[in-house]
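Here the structure is laid out as structure tokens; the discussion comes afterwards.
The values are calculated or read from the model by the stated rules, or taken from the named source; none is laboratory data. Being a predicted model, the structure only gives us computed values, none of them experimental. Every residue, glycine as well, gets a Cβ built from its backbone with ideal geometry; the counts of neighbours run over all protein chains shown. Each accessible area value is taken on the protein alone, full model and side chains, heavy atoms only, with ligands, DNA and RNA left out. Shrake-Rupley method; radii C 1.70, N 1.55, O 1.52, S 1.80 Å.
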Amino acid sequence: MDMEHKQLVQLLPLLPLLAELGRTQHVTAAAAVLGLPQSTVSRGIARASAIVGTDLLIRDGRGVRLTPAAKALLPHIEAALGEFQTGLDLVRHESEVVRGRIAVTFQHTFGEAMLPLLISAFRNRHPQTAFELSQGARDGCLTELAAGDADVALTAPVAAPSRTIGSAALYREPLRLVVHHRHRLAKRRRAGLEEIRQEPFVAMGPGYGMRSLTDVLFREAGFRPRIAFESQDTHTARGLVSAGLGVSILPPGGAAPGRNPSADSGELGWVELALDSRLAYREIGLAWRERRGGADAEPDPVRLFRELVLSEGPALLAGFVRERSGS
């Protein structure tokens, strides 16, 4: 190590002290700001002066003032400290950035708005996180989760917790009876299941969350529906109802095309009615894989996403559900 480099190494720890003295022009004040004894500051100034080879401060009454040599050094000292602070802030920020990939599996009906709302809230805080999305029937979503192909699943009904799967309910959404806009019940606000006993019914296919819910509804009502069609998505189910091919029970459709059609809209169109049944709702929830070692064994992005959904998801989605259901 040459002499100049050795002197630089000795001088570096003293730079904050010199910068503060340049700002305060007082040893006691500088010591207070730095949290150091006054004697330590005085010794530091003496040592810095010895390394530089010239006095850096001179006494001026009860204070001190910079010598011309110190005034020449001070801008460079402050620039060096500023650059170091910038680098330190960058390192700290990078250490806090959440990166990685979160695999989410979800039912088709959550892809239009519910899941995007949750992802948007998370990405506002952790923009470097990527998402891998997979959608399908409820049974398929839970199979993916159990197999380890997904980190979390958004389903309705909520998955039953087990030794390997954790779950929690987020919110309830009302179910609606959907009929053609010229159906005999279309002018009503409410209807009972008994009133559609003889109607052709547009059902979701086996394995879909809505199918399990409607099966329970009809079992409670004491009869089986006359299933005319089995669909794999709610958009198709609404389309079949809109064409007058049957009635269905679905989540609220919001402002989807075809709802509440005008008189000149032609034959296509559908309206929604409230259902007179204590079971006319779906409970939507999040499920995740329980890992050996608990939460500490869970990748940071997955854990943070799960925590956000559980803590903020219900309030975040409640407004959307109210708007879509018209309640």
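Summary table
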read-out	value
Qualifying positions in the range 95-150 - more than 23 Å from SER212 (Cα to Cα) and of a type in the set (A, V, I, L, M)	VAL97, VAL98, ILE102, ALA103, LEU117, LEU118, ILE119, ALA121, ALA130, LEU133
Some residue of the range 178-192 being assigned to a strand (DSSP E or B), open to solvent by 10 Å² or more (accessible area, probe 1.4 Å) and either closer than 29 Å to TRP288 by Cα or modelled with pLDDT of 95 or more (or both)	yes
Test for GLU83: is it within 30 Å of THR129 (Cα to Cα) and either surrounded by 15 or more Cβ atoms within 10 Å (Cβ to Cβ) or at pLDDT 75 or above (or both)	yes
Leading residue by the ranking (farthest from LEU57 (Cα to Cα)) among those in the range 10-35 that are open to solvent by less than 70 Å² (accessible area, probe 1.4 Å) and free of Cβ contacts under 8 Å to residues at least 24 places away in the same chain	GLY35
Exclusive hit being open to solvent by 30 Å² or more (accessible area, probe 1.4 Å), in contact with a Pro (Cβ under 9 Å, 6 or more places away or on another chain) and assigned to a strand (DSSP E or B), set ARG172, ARG101	ARG101
Scan of the range 125-145 for residues that are surrounded by 14 or more Cβ atoms within 10 Å (Cβ to Cβ) and free of Cβ contacts under 8 Å to residues at least 12 places away in the same chain, ordered by number	THR143
Enumeration of residues in the range 104-124 that are of a type in the set (Val, Ile, Thr), part of a helix (DSSP H, G or I) and buried (at least 19 other Cβ atoms within 10 Å of the Cβ)	THR109
Unmet criterion (only one of (1) in a helix (DSSP H, G or I); (2) polar (S, T, N, Q); (3) modelled with pLDDT of 75 or more) for THR54	(1)
Search result, residues across the range 149-204 that are of a type in the set (Gly, Ala, Ser), within 17 Å of LEU217 (Cα to Cα) and in contact (Cβ under 8 Å) with a residue 60 or more places away in the chain	ALA156, ALA191, GLY192
Given (1) assigned to a loop (DSSP other than H, G, I, E, B); (2) modelled with pLDDT under 90; (3) open to solvent by 20 Å² or more (accessible area, probe 1.4 Å); (4) closer than 30 Å to ALA168 by Cα, index of the condition LEU279 fails	(2)
GLY148 modelled with pLDDT of 95 or more, open to solvent by 20 Å² or more (accessible area, probe 1.4 Å) and on the phi > 0 side of the Ramachandran plot	no
Unique match (being among the polar types (S, T, N, Q), under 27 Å from ALA287 (Cα atoms) and touching a Cys at 6+ places or on another chain (Cβ under 6 Å)) among THR164, THR155	THR155
Any hit, the range 305-317, residues being on the phi > 0 side of the Ramachandran plot and either at pLDDT below 70 or touching a strand residue (DSSP E or B) at 6+ places or on another chain (Cβ under 7 Å) (or both)	no
Residue within the range 151-165 that is part of a helix (DSSP H, G or I) and either open to solvent by 40 Å² or more (accessible area, probe 1.4 Å) or at negative phi (or both) present	no
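Results for (1) modelled with pLDDT under 95; (2) in a helix (DSSP H, G or I); (3) more than 20 Å from TRP270 (Cβ to Cβ), shown as yes or no for each residue.
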| site | (1), (2), (3) |
| --- | --- |
| VAL202 | no, no, no |
| ARG224 | no, no, yes |
| ILE227 | no, no, no |
| HIS235 | yes, yes, no |
